[in-house]
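Working notes, structure below.
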Amino acid sequence: MTEVRNELVRKRYAAERRFRFYGAAALGLTALFLAFLLVDIVSKGLPAFRETSVEVDVTVDAAEVDPANLAGGNYDKMIKEAFRAEFPDVKGRTERKALSALLSSGGADTLRSMVIADPALIGKTVTVPVLLGDDADLFLKGLLTRVKTTAGAMPLHIAQLDGEEGFVLTGDKAGEEAERQLGLAAGDVIRFKGGALRVTGPQNGYLKAEPIFAPDPAITTLAAGQWDVLAFSVPESNRRISDAQVLWLDQLKSEGRIETSFAWRLFEAGDSREPELAGIRGALIGSLLTVLVAISLALPLGIAAAIYLEEFAPKNRWTDLIEVNINNLAAVPSIIFGLLGLAVFLNFFGMPRSAPLVGGLVLALLVLPTIIIASRAALKAVPPSITEAALGVGASKQQAVFQHVLPLALPGIMTGTILGLARAFGETAPLLMIGMVAFIADIPSGFTSAATVLPVQVFLWSDLPEMAFQSRTAAAIIVLLVVLFALNAVAIYLRKRFERRW
Amino acid sequence: MNAPVHHQTLVTPEKPKALAAGQFKVTARDVDVFYGDKHAIRKLSIDIPDRAVSAFIGPSGCGKSTFLRCINRMNDTIPTCRVTGDIKVDKNDIYDPKIDVVQLRAKVGMVFQKPNPFPKSIYENVAYGPRIHGLAASKTELDEIVEKSLRKAGLWEEVKDRLQHPGTGLSGGQQQRLCIARAIAVNPEVILMDEPCSALDPIATARIEELIDELRQNYCIVIVTHSMQQAARVSQLTAFFHLGTLVEYGDTDEMFTAPQEKRTQDYITGRFG
Ligand SMILES: Nc1ncnc2c1ncn2[C@@H]1O[C@H](COP(=O)(O)OP(=O)(O)OP(=O)(O)O)[C@@H](O)[C@H]1O
Ligand SMILES: [Mg+2]
């Protein structure tokens with residue numbers, strides 16, 4: 001008898017342990033996925049919150065700026081010329097282009113606003129922090145290639161062979177030993193005062209190199225310490241920055257002219273084709289306007305509908321049907337609402353495309369069922385004894401609902417609404433349908449101007465080939481997540497703060 | 001209005017049935033109540049006198065609450081509930097479409113089985129009724145009503161220093177007295193109590209019973225109870241319900257000593273129920 005009972009008890013405990021293990025395992029797995037996602041996004045996105053610029057002394061050429069039209073001056077040309085002038089050795093067309101490519105065209109805006117703010121600068125030389133181009137920026141953040149710089153530990157002989165392209169590198173010993181002895185591999189860059197060479201590899205028993213910056217023919221031997229080796233983790237053909245550009249940036253960096261600062265631009269600029277100039281302000285404001293329209297429609301409508309259905313509507317076949325359909329509506333894929341918006345608001349009512357007004361209308365339809373369901377649940381959760389008490393002292397039904405039931409249900413309604421709002425904020429698909437997916441560089445100025453929203457901006461950027469946009473995408477996702485977490489936090493706070501017991 | 005001449009006789013009525021029909025506060029004739037198809041009350045007729053406590057007793061599910069809730073039309077809130085027949089309070093048919101149910105409920109107050117104070121302050125709980133009925137012209141008048149009601153409910157001394165505290169923070173017995181104060185704050189003439197002590201301990205119950213005994217000087221009180229002792233202690237008249245019918249209604253002492261009906265006898269002596 002006790003045997004049997006012990007056996008049963010043992011089994012029961014085992015079952016409980018097993019169940020706990022399953023639960024913990026499921027939780028662990030979920031946490032792992034989530035952590036992976038977060039780490040991935042944050043590590044990708046954080047670099048986009050910083051931007052790099054180089055200080056260039058620019059002479060504001062009076063010939064290029066018309067004092068009557070300060071904004072129209074060719075500031076880009078001035079900056080590029082000033083920058084090139086700092087590298088007099090760079091002569092060829094392609095080299096000069098590669099040099100200019102280090103700079104972003106955004107530098108012109110900086111200089112333009114400086115001159116507009118102080119026209120006395122015309123004819124003078126000013127130090128302008130010129131934003132670097134996206135590739136230079138990524139390189140300096142270490143995202144394109146890792147570079148390992150080591151000082152040459154032994155003498156290096158450079159010889160230019162007659163009748164042959166390139167140079168031969170030798171250490172103290174010659175021939176096959178050389179490569180091993182010097183520790184050089186194909187793709188490494190040798191930098192020294194007056195020139196730079198790229199190692200191409202062993203050829204006919206020689207270690208050969210090609211010029212990046214052709215050295216003075218007089219240089220034949222470099223003593224230990226006179227030369228550096230730059231080893232790259234990504235070969236030049238696979239990266240978006242050339243060896244020459246790396247050397248230029250290195251030079252600027254060693255001169256202490258590269259500055260890194262917080263990228264306010266990300267929050268101040270609209271979309272742009274240039275990744276380093278692109279910001280999320282347009283999308284953020286578009287989101288704000290859209291959600292504002294959505295919530296100012298869905299909230300009163302949803303609460304009114306919920307109160308009517310829950311407290312006043314007769315319980316009959318029609319209200320049952322309505323209830324079932326509201327639940328169905330909540331489960332309709334969001335893109336259908338987009339199609340509806342396209343057909344009704346754009347095609348039938350002729351509202352403007354890409355406008356936050358239309359987006360808000362569509363999102364209002366989308367979150368309405370959620371709000372109604374949440375509000376009804378909150379109203380239902382208020383015990384009927386409260387209504388009875390109110391009715392018992394002679395309150396009318398309406399007084400009982402609005403003075404007793406609704407205040408008690410409000411935290412629940414608010415929670416539901418904020419979660420609906422968060423859903424609206426993160427919704428993408430229906431907005432694609434109504435044209436909020438266009439490239440829009442301007443910050444939207446009103447409810448009918450063309451706009452996009454944050455999640456759609458993420459969608460747009462994630463599609464672009466530039467690597468810098470991937471970083472921006474992750475940064476935009478971070479902002480989106482922060483906003484959503486903040487909304488959820490407010491929902492939790494409201495629930496905790498106004499939760500009442502009865 | 002009833003002439004108050006009959007008070008003395010009614011407090012310990014010799015034979016309530018001897019009263020002329022006009023002296024009853026609540027009269028019901030041939031009342032039937034249905035919940036959908038369920039016939040909950042059958043052909044019920046009763047005359048309830050003013051300024052006395054009438055107790056409704058009977059086994060569970062016999063329709064005591066149902067009939068009680070007919071008297072202030074609380075049943076209106078149940079969509080399936082249908083009432084036929086004639087119920088009059090002060091000779092006014094309360095199911096007359098012209099009657100204002102809000103006024104009726106102010107006149108016929110109710111105290112529920114489970115204390116259900118509003119989740120607001122003690123003061124607000126009592127002040128709510130007078131406020132919506134416009135019984136107080138000023139804040140001081142309202143304060144007076146609140147104090148008077150709480151005093152009548154025997155709660156004033158316990159809560160006068162914490163009127164702004166939530167009503168839900170009181171003990172169960174205090175909450176029930178608060179609910180009584182809330183009910184009497186709107187000057188009702190009839191107070192319906194559905195098992196007001198069933199959620200309370202014996203000491204709190206004793207306090208409520210004392211209170212009921214004091215209140216009957218001024219009100220017509222109907223109380224549903226499952227406790228024979230309670231019915232015997234607080235009521236002057238007792239009505240025994242069984243399976244939706246009123247089996248017997250009469251003087252409490254007589255009912256408990258010499259019931260007319262066999263079923264009443266069996267129930268009182270605990271043979272069923
Ligand atoms: N809302 C309702 N819908 C349907 N039937 C109901 C409803 N309320 C009560 N009834 C039924 O009506 C009958 C009388 O119920 P009632 O609540 O009046 O009984 P009671 O005498 O108060 O019982 P108790 O002593 O247990 O409170 C019961 O059979 C009950 O099932
Ligand atoms: Mg009952």
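The values are calculated or read from the model by the stated rules, or taken from the named source; none is laboratory data. Just so it is clear, the structure is predicted and the values come from calculations on it, not from any experiment. Because the Cβ atoms are built from the backbone with ideal geometry, glycine has one as well, and the counts that use them run over all protein chains shown. We work out accessible area using only protein heavy atoms, side chains counted, and drop any ligands, DNA or RNA first. Shrake-Rupley method; radii C 1.70, N 1.55, O 1.52, S 1.80 Å.
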For this session: Could you work out the mean count of beta carbons from other protein chains within 10 Å of each residue's beta carbon in A:95-108?
Result: 0
Seminar exercise, completed: Between A:Ser113 and A:Leu464, the two model label points (7 Å from Cα along the beta-carbon direction) sit apart by a distance in nm of 1.9
Exercise. What is the calculated FRET efficiency for A:Asp216 to A:Ala101, with r their C-beta to C-beta distance and R₀ = 22 Å, to the nearest 0.05?
Worked result: 0.25
For this session: Provide Rg and Dmax in Å for the protein assembly as shown, with only Cα atoms included in the calculation.
Result: 43.6, 143
Exercise. If you look at just the Cα atoms of region A:362-502, how large are its Rg and its Dmax in Å?
Worked result: 20.7, 70
For this session: Pick out, from A:Val479, A:Leu494, A:Leu464, the residue whose Cα sits farthest towards the positive end of the charge dipole of region A:390-502, with +1 on the Cβ of Lys and Arg and -1 on the Cβ of Asp and Glu.
Result: A:Leu494
Exercise. Across region A:86-101, in residue order, what do the Karplus-derived ³J(HN,Hα) couplings come to in whole Hz, using 6.51 cos²θ - 1.76 cosθ + 1.60 with θ = phi - 60° and x for Gly and Pro?
Worked result: 6, 10, x, 6, 7, 10, x, 4, 5, 5, 5, 5, 4, 5, 5, 5
Exercise. Where in region A:367-391 does accessible area fall by at least 50 Å² between the isolated chain and the complete protein assembly, at a 1.4 Å probe radius?
Worked result: A:Glu388, A:Ala389, A:Leu391
For this session: Would you please report the Å³ per residue occupied by the convex hull of the alpha carbon atoms in region B:149-273?
Result: 118
Seminar exercise, completed: Net charge (Lys, Arg +1; Asp, Glu -1) of residues whose beta-carbon lies under 15 Å from that of A:Ala48, A:Ala48 excluded, is -4
Seminar exercise, completed: From highest to lowest solvent-accessible area (probe 1.4 Å; ligands, DNA and RNA excluded), B:Ile212, A:Ile258 read A:Ile258, B:Ile212
Problem set entry | With all protein chains modelled, accessible area of A:Arg423 [1.4 Å, Å²] | 80
Problem set entry | Between A and B, accessible area buried - total, square angstrom, nearest 100, 1.4 angstrom probe | 1600
Exercise. Considering chain B, what Rg and Dmax in Å follow from its alpha-carbon atoms?
Worked result: 18.3, 57
Seminar exercise, completed: The percentage of the accessible area of region B:61-135 (probe 1.4 Å, all protein chains present) made up of carbon and sulfur atoms, to the nearest whole number, is 51
Seminar exercise, completed: Given the candidates B:Thr238, A:Ala409, A:Ala186, the one whose Cα lies deepest towards the positive end of the charge dipole of the protein assembly as shown, counting +1 at each Lys or Arg C-beta and -1 at each Asp or Glu C-beta, is B:Thr238
For this session: Determine, at each q value in 0.11, 0.13, 0.17 (inverse angstroms), the log₁₀ of I(q)/I(0) that the Debye formula gives when each Cα of region A:180-323 is one equal point scatterer.
Result: -0.68, -0.82, -1.03
Exercise. What is the local net charge at A:Ile418, summed over the other residues whose Cβ is closer than 14 Å to its Cβ (Lys, Arg +1; Asp, Glu -1)?
Worked result: +4
Problem set entry | Ellipsoid equivalent to region A:2-47 - semi-axes via the Cα gyration tensor, in Å | 44, 5, 4
For this session: Work out the FRET efficiency for A:Glu259 and A:Leu29 from their Cβ-Cβ distance, taking R0 = 41 Å, and round it to the nearest 0.05.
Result: 0.40
Exercise. Taking a probe of 1.4 angstrom, what is the accessible area of B:Met110 in Å², to the nearest 10?
Worked result: 10
For this session: In whole Hz, with x marking every Gly and Pro, tabulate ³J(HN,Hα) for region B:220-235 from phi via Karplus 6.51 cos²θ - 1.76 cosθ + 1.60, θ = phi - 60°.
Result: 8, 10, 10, 10, 8, 8, 9, 9, 4, 4, 5, 4, 5, 6, 9, 9
Exercise. For chain B, with the dipole built from +1 on Lys and Arg beta-carbon atoms and -1 on Asp and Glu ones, taken about the Cα centre, which of B:Tyr267, B:Val126, B:Tyr95 lies farthest toward the positive end?
Worked result: B:Tyr95
For this session: Take the alpha carbon gyration tensor of region A:218-261, find the square roots of its eigenvalues, order them as a ≥ b ≥ c, and report rounded if a/c is under 1.5; if not, report prolate when a/b exceeds b/c, else oblate.
Result: oblate
For this session: List the residues whose amide H sits under 5 Å from the amide H of B:Ser45, counting only those 5 or more places along or on another chain, with H placed 1.01 Å from N in the peptide plane.
Result: B:Asp30, B:Val31, B:Leu246
Exercise. Roughly how crowded by other chains is peptide B:98-107, in terms of the mean Cβ count from those chains within 10 Å of each of its Cβ atoms?
Worked result: 3
Seminar exercise, completed: Put B:Glu147, A:Glu259 in order of accessible area, largest first, probe 1.4 Å, and you get A:Glu259, B:Glu147
For this session: Roll a 1.4 Å probe over the protein heavy atoms and report the accessible area of A:His157 in Å², nearest 10.
Result: 60
For this session: Just order A:382-390, B:121-129, B:174-182, A:52-60 by mean Cβ neighbour count inside 10 Å, highest at the front, would you?
Result: B:174-182, B:121-129, A:52-60, A:382-390
Problem set entry | Compactness of region A:212-286 as Cα Rg over 2.2 N^0.38 Å, two decimals | 1.72
For this session: Could you tell me whether region A:147-232 comes out rounded, prolate or oblate from its Cα gyration tensor? Rule is a ≥ b ≥ c as square roots of the eigenvalues, rounded for a/c under 1.5, then prolate if a/b exceeds b/c, otherwise oblate.
Result: rounded
For this session: Along Cα→Cβ, 7 Å out, is where each label goes; now give me the distance between the ones at A:Ile336 and B:Gln23 in nm to one decimal.
Result: 7.2
